[in-house]
Each structure stands twice: as structure tokens, then as C-alpha cells.
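Here's the structure we're looking at; comments come further down.
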Amino acid sequence: MGFAENLKNIRTSRNISQQELAKKLNVAQSTVGMWESGKRVPKLDELKRLARVLGITISCLLSGKERKIEIIKNEIYIDGEKVSELDPTDVDGIIEYINLVKSKKGKIPKGPPPAMGSHAKKILVIDDEQEICEMLYSFLVPHNYKVFLAFNGQMGLEYFEEVKPDIVLLDLKMPDIDGVEVLKIIRKVSDVPVVVITGHPQDVADIHVNDLTIEGYLEKPISLKETLNTLKHIIGE
């Protein structure tokens with residue numbers, strides 16, 4: 001189930017019309033209609049507003065799944081699995097962050113939780129295969145990366161401008177704007193490290209033909225261990 005269908009199902013389950021949702025978001029009703037038809041994807045700030053208005057997480061809005069997060073005896077469990085990478089200091093930081101959110105009546109603080117890795121690198125994943133995006137998100141976040149997902153080239157370019165990522169993981173084959181074109185646009189404004197994702201390594205030759213710089217490539221099916229090693233090598237860890 002994709003974002004468009006998720007949004008429509010969540011909206012109708014709350015008995016909110018397109019017109020009412022558009023009014024709450026201060027956008028045109030046609031904009032909501034395009035989101036639900038898949039003709040357009042929301043920008044990052046629009047996704048945040050959507051999640052707040054609908055009372056759900058962005059992850060649930062994108063994937064249709066709500067993750068269960070528990071804090072038990074100074075340990076964090078996500079969907080019943082302990083997050084072993086966090087220590088008690090991190091947990092205390094998360095609790096303080098939650099209390100700050102509650103005290104601000106739902107307003108998200110500008111900074112990250114205390115002791116939660118304020119210098120964590122931002123990874124932007126641009127891939128039209130939602131399963132790959134979700135897999136990378138679930139794997140990389142516990143390794144102290146801030147991960148942002150974009151499901152097509154246009155969305156990726158909009159997120160690139162807003163997020164200003166430290167590293168981009170870019171699929172070469174996408175239906176709207178292919179990865180080579182996205183890379184060309186990125187290289188006009190930034191030398192940010194880019195690692196391409198492809199099922200056909202020979203396609204990497206197109207990048208070199210166009211004199212475009214990349215820091216490496218990941219071959220599908222993606223190896224999570226190789227992905228992590230590649231990111232650590234680029235960062236210098």
C-alpha cells in the first residue's frame with residue numbers, strides 16, 4: 001500500500017472530507033486530491049502538517065504501519081525488540097524530549113533529544129521502491145543516522161533542498177526522473193557524497209560518461225552490512 005492509498009484510508013477512517021482536510025492544512029482541495037490520486041507527493045513540511053492534523057506519525061502515513069515504542073526499565077523496545085545501541089543516557093534524553101513535546105502542547109522542539117547524537121549524519125534515500133526505503137530506514141536509524149525517505153526523483157530533489165543531507169542514497173531507475181538526471185541537478189548545486197543504488201552495475205557507466213561524481217554504488221538486492229560499511233567509510237568512522 002502506497003502513500004496515496006494510506007492517506008485516503010486514514011482520512012476516511014476519521015470521517016474527514018477532502019475539503020475539511022484541505023482547510024485544516026490551508027491548501028487547495030485539489031492538492032489533497034492530487035496527493036490521494038498519486039499525481040503529486042507532498043513536500044516535507046506538508047508531510048509534517050498532515051501527520052499532525054491526522055494525529056499520526058509520518059512513518060505511519062508513509063507505510064500504513066504504526067510502530068509500538070515502549071520504555072521499560074531504562075531500555076527502549078520498538079515492536080517488542082530491544083534497541084541495544086542506546087544506553088541509559090540516551091533513554092533519559094528521549095524521556096526529556098517527550099516531556100518537552102508535551103509541555104509545548106504538541107509543538108516539535110527544534111533540536112534533537114539530549115544525548116541522542118546531535119551530530120548524527122542526515123541520509124536522504126531516493127528510491128521508488130518503498131520496501132527498500134523502509135528497510136534502510138529501519139536499519140539505519142538505530143545506527144544513529146537521521147534518515148529521510150523520498151519515493152521519486154521530484155520528491156527527492158525537493159527533500160534535498162529542505163533537508164540538506166550529508167549523504168544521498170540514489171536509485172538510478174525511477175519512473176518520473178531517473179537517477180542520472182537527479183544527480184545532474186544535485187551536482188549543479190552541491191558536492192554532497194552520493195551513493196547510487198542499481199540492479200545493473202553497468203548503468204554506473206552512464207554516470208562516468210556524463211562526468212558526474214559519485215562515492216560508490218550499492219547493487220540490488222541491497223546488503224545492509226555493505227550499506228553501513230559504505231556510509232562509515234564516507235563519513236570516516
Quiz prompt | Extension gain, Ile185 back to Arg49 (0.36 nm per residue minus Cα-Cα distance, nm) | solution = 46.2 nm
Quiz item: Local charge sum around Gln19 (other residues, Cβ-Cβ under 13 Å, Lys/Arg +1, Asp/Glu -1)?
Solution: +1
Quiz prompt | FRET efficiency, 1/(1 + (r/R0)^6) with R0 30 Å, evaluated for Ala120 and Lys39 via beta carbons | solution = 0.30
Practice problem: Along Cα→Cβ, 7 Å out, is where each label goes; now give me the distance between the ones at Glu134 and Lys24 in nm to one decimal. | Solution: 2.3
Quiz item: Considering only the other residues whose Cβ falls under 13 Å of the Cβ of Glu158, what net charge follows from Lys and Arg at +1 and Asp and Glu at -1?
Solution: -2
Quiz item: At what distance in nm do the modelled label points of Glu237 and Val192 sit from each other, each positioned 7 Å from its Cα along Cα→Cβ?
Solution: 1.8
Quiz item: Where a ≥ b ≥ c are the square roots of the eigenvalues of the C-alpha gyration tensor, would you call the range 122-235 rounded, which needs a/c under 1.5, or, failing that, prolate if a/b is larger than b/c, or oblate?
Solution: rounded
Self-check item: For the range 145-236, with +1 on Lys and Arg beta carbons and -1 on Asp and Glu, the positive-most of Thr198, Ser223, Pro165 along the dipole
Solution: Ser223
Practice problem: Could you sort out which of Lys43/Lys188; Lys8/Lys173; Lys8/Lys121 sit more than 29 Å apart by Cα distance in this structure? | Solution: Lys8/Lys121
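Computed from the coordinates by the stated procedures, all read-outs in this text should not be read as laboratory data. In this text, all values refer to a predicted model and were calculated from it rather than measured experimentally. Please note: Cβ atoms are built from the backbone with ideal geometry, for glycine as well, and neighbour counts cover all protein chains shown.
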